[in-house]
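Working notes for the structure below.
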Amino acid sequence: MARVPDLVPVLRATQSEMLTVADLIRYRMQHERYIRRTGEAMLPTRHGEFRMIAYESEIDRASHVA
């Protein structure tokens with residue numbers, strides 16, 4: 001893994017631009033929709049009420065609860 005100061009000369013020499021992981025995550029969150037929210041419910045417990053949210057993967061159609 002290279003540090004930014006080590007990459008600057010390489011970027012200049014190749015006339016390239018740098019992309020951070022945060023940039024990639026932000027782009028994917030704005031443009032890709034592989035997970036969709038399918039439901040929500042309140043779950044009462046002895047510790048209080050919890051909100052349950054169900055998601056479905058558009059890729060493998062697997063359901064998940066968070």
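The table that follows gives values for the structure above.
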item: First in segment 26-46 and of a type in the set (Asp, Glu), second anywhere and open to solvent by less than 100 Å² (accessible area, probe 1.4 Å) and part of a strand (DSSP E or B), Cβ under 6 Å, 6 or more apart; result: 40/53
item: Test: residue in segment 49-57 that is at pLDDT below 85 and either open to solvent by 100 Å² or more (accessible area, probe 1.4 Å) or among the aromatic types (Phe, Trp, Tyr) (or both); result: no
item: Residue within segment 18-39 that is at pLDDT 90 or above, among the acidic types (Asp, Glu) and open to solvent by 100 Å² or more (accessible area, probe 1.4 Å) present; result: no
item: Some residue of segment 1-17 being assigned to a strand (DSSP E or B), loosely packed, with under 10 Cβ neighbours inside 10 Å and either in contact (Cβ under 8 Å) with a residue 40 or more places away in the chain or more than 14 Å from the chain's Cα centre (by Cα) (or both); result: no
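The values are calculated or read from the model by the stated rules, or taken from the named source; none is laboratory data. Here the structure is a predicted model, which is why all the values come from computation and not from measurement. When we count neighbours, we look across all protein chains shown, and the Cβ atoms used for this are built from the backbone with ideal geometry, even at glycine. The area values use the complete protein model at the heavy-atom level, side chains included, leaving out ligands, DNA and RNA. Shrake-Rupley method; radii C 1.70, N 1.55, O 1.52, S 1.80 Å.
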